[in-house]
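Below is one structure; the comments refer to it alone.
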Amino acid sequence: MKLIGRGKTAEIFEYGQDTIVKLYRDGYPEDAIRHELRMSQLVCSLGIDTPQAHEIVAIGNRHGVVFQRIHGAPLLNAMIRTPWAIRKHAGTLAALHYDVHAHRAAGAFRQQKQVLADAIRAAQPLTAAEKDALLHYLQQLPEGDALCHGDFHPDNVLIGEKRWIIDWMTGMSGSPAGDVARSVVLVRFGTMPSGTPKMVRGIIELLRSRLLNGYIKQYLQLSGMRYDEMERWILPVAAARLAERPDAEEEERLVRVVRQRMSAIS
Ligand SMILES: Nc1ncnc2c1ncn2[C@@H]1O[C@H](COP(=O)(O)OP(=O)(O)O)[C@@H](O)[C@H]1O
Ligand SMILES: [Mg+2]
């Protein structure tokens, strides 16, 4: 099978006519795979431009979801190819994210504050007292019922004949401000896979702050959200990110920012 893409959880291969298979790594929990299939179908039924999800298949010891094939490339690739147009790319990211948040997400979706609380409890580097304080802080943030992606970043947007949003495993119902904060945390503190070429690394480092500024500014403009409404989610979102076992460098950055912010509020 021909490999056409790779993410942190899976590899994507050509599979039949106009379909691909997203093949999870060996041992990846099957209920998580079923959850991705269900979320993708649900989001598709809301009218979001996301590839149709067909079925689960087993290939060797691995499981995968068969999706409609998108002829296009991740927005991240466009950013690296045309870094001088970063403002425009940041605007595309902001506008698409704003469109997602215009949808209401009812019953079947997980609730953002619940997802964050579970992740904070599971965040290994934090002490029990820190977790208690974070959970208390989280409780006071507003509850929302907007459709949130939960992992919205430039590698989960594909640009083809349309703009497609993929990778809905973490789809949830919540406050757009929290979902934007999640994107900010991913872009600000995220590290690149170990095989990333030096040149690409260099370009991404240069783009990081301009992408962030452009994305935040344009999202706030479109939505009328205030900066501080987004900003107060950074603390719980950064803490929750620790549960995903980021690499040592990202973990260190996250722990530092979580402790700084906690000391500022206590
Ligand atoms: N339906 C699709 N059609 C074409 N390419 C895809 C499709 N889904 C994913 N890809 C490619 O594979 C990459 C990883 O897919 P993704 O679902 O985001 O995996 P992960 O959950 O591991 O991040 C994408 O960035 C994209 O390049
Ligand atoms: Mg992805």
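Computed from the coordinates by the stated procedures, all read-outs in this text should not be read as laboratory data. Owing to the predicted nature of the structure, the values given are computational and were not obtained by experimental measurement. Every residue, glycine among them, receives a Cβ derived from its backbone with ideal geometry; neighbour counts consider all protein chains shown.
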CD proxy, 222 nm, the chain: helix-only mean residue ellipticity via -39,500 (n - 2.57) per DSSP H run with n ≥ 4, per residue, nearest 500, stands at -16000 deg cm²/dmol
One would report the antiparallel percent of DSSP beta bridges in the chain, rounded to the nearest 5, as 95
Of Gln218, Gln112, Gln139, the most mobile residue in a GNM of the chain (C-alpha springs, cutoff 10 Å) is Gln139
Here the FRET efficiency for Lys88 versus Gln52, based on Cβ atoms and R0 = 22 Å and rounded to 0.05, is 0.15
To the nearest 0.05, the calculated FRET efficiency linking Lys217 and Ala248 through their beta-carbon distance, R0 being 35 Å, is 0.65
Proxy exposure order for Glu14, Glu251 (fewest C-beta within 10 Å first) is Glu14, Glu251
Relative contact order as a percentage, the stretch 73-265, C-alpha pairs under 8 Å and 6+ apart, gives 31
Karplus-derived 3J(HN,Hα) from phi for the stretch 180-185 (6.51 cos²θ - 1.76 cosθ + 1.60, θ = phi - 60°), whole Hz, x at Gly and Pro, runs 5, 4, 4, 4, 4, 4
By the mean-Cβ-within-10 Å protection proxy, highest first, 175-182, 154-161 rank as 175-182, 154-161
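Show me the ranking of peptides 32-41, 187-196 by mean Cβ neighbours inside 10 Å, starting with the highest.
Ranked from most to least packed, the peptides come out as 32-41, 187-196.
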Karplus-derived 3J(HN,Hα) from phi for the stretch 67-80 (6.51 cos²θ - 1.76 cosθ + 1.60, θ = phi - 60°), whole Hz, x at Gly and Pro, runs 10, 3, 7, 9, 8, x, 9, x, 4, 4, 5, 5, 5, 6
Lys2 and Lys162 label points (each 7 Å along its Cα→Cβ direction) are spaced in nm at 2.4
Summing +1 per Lys or Arg and -1 per Asp or Glu among the other residues with Cβ less than 15 Å from Val100's Cβ gives -2
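For the stretch 3-68, what is the charge dipole size about the Cα centre, in debye to the nearest 20, if Lys and Arg each add +1 at the Cβ and Asp and Glu each add -1 at the Cβ?
Dipole size: approximately 180 debye.
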In the chain, taking the dipole from +1 charges on Lys and Arg beta carbons and -1 charges on Asp and Glu beta carbons about the Cα centre, the listed residue (Gly144, His101, Met262) farthest towards the positive end is Met262
Rounded to a whole number, the Stokes-Einstein D of the chain in µm²/s (Kirkwood radius over Cα pairs; 25 °C; 0.890 mPa s) is 128
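Using Cβ contacts closer than 10 Å as the measure, can you line up Phe152, Phe109 from fewest to most?
The fewest-first ordering by Cβ neighbours comes to Phe109, Phe152.
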To the nearest 20 debye, the stretch 73-265 has a Cα-centred charge dipole, built from +1 on Lys and Arg Cβ and -1 on Asp and Glu Cβ, of 520
Here the stretch 48-56 yields Karplus 3J(HN,Hα) values (6.51, -1.76, 1.60; θ = phi - 60°; whole Hz; Gly and Pro given as x) of 6, 6, 9, x, 5, 9, 9, 6, 9
Given the candidates Tyr28, Ile159, Ile12, the one whose Cα lies deepest towards the positive end of the charge dipole of the chain, counting +1 at each Lys or Arg C-beta and -1 at each Asp or Glu C-beta, is Ile159
Counting sequence-distant residues (5 or more places) and residues on other chains, those with an amide H built under 5 Å from that of Gly144 are Ser175
